[in-house]
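In what follows, a single structure is set out as structure tokens and then discussed.
The values are calculated or read from the model by the stated rules, or taken from the named source; none is laboratory data. Note that this is a predicted model, so its numbers are computed, not measured. A quick note on method: Cβ atoms are made from the backbone with ideal geometry, for glycine too, and the neighbour counts reach across all protein chains shown.
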Amino acid sequence: MSKFFASIFGLFLSPLGLVVLAALDSSMVFFLPAAVEAAVVILTARYRELVWLFPILAAGGSMAGSSTALQMKRTRAGRRDSFIRSIRGLEYGASTWLGQADCEKSVGAWAPVSV
């Protein structure tokens, strides 16, 4: 079991692992408070000559994870909006086909239909 955790820590405590950890931390998939900051501190202690690189990698990974989460939200919202538009289109089609009075009787007072 300790070899498993050692391999996981070894993955995330590398420059590429820092980018992956920051992307996962900023998305809605994985959340571990202060993990990115701890990884930046540990990597800075290991590689002192690359001290300027690790905050940039963490910020880039965080932006990549946030943009991925935003795209997922937009895709989901787009599907929801198209579904709502199709339902409204059915109501509009029913009101023009049946006539305004018949549609108001069948739909009821809770869903007013405008033509």
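Observations on the structure shown:
Yes/no per residue for (1) aliphatic (A, V, I, L, M); (2) assigned to a helix (DSSP H, G or I); (3) modelled with pLDDT of 80 or more:
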| residue | (1), (2), (3) |
| --- | --- |
| Ala6 | yes, yes, yes |
| Gly17 | no, yes, yes |
| Ala23 | yes, yes, yes |
| Val40 | yes, yes, yes |
| Ser67 | no, yes, yes |
| Arg79 | no, yes, no |
| Tyr92 | no, yes, no |
| Val113 | yes, no, no |
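- Comparison of Phe12, Phe31 shows that the only residue that is surrounded by 12 or more Cβ atoms within 10 Å (Cβ to Cβ) and of a type in the set (Phe, Trp, Tyr) is Phe12.
- Scan of segment 30-61 for residues that are without any contact (Cβ under 8 Å) to a residue 12 or more places away in the chain and under 30 Å from Gln71 (Cα atoms), ordered by number: Phe30, Phe31, Leu32, Pro33, Ala34, Glu37, Ala38, Trp52, Ile56
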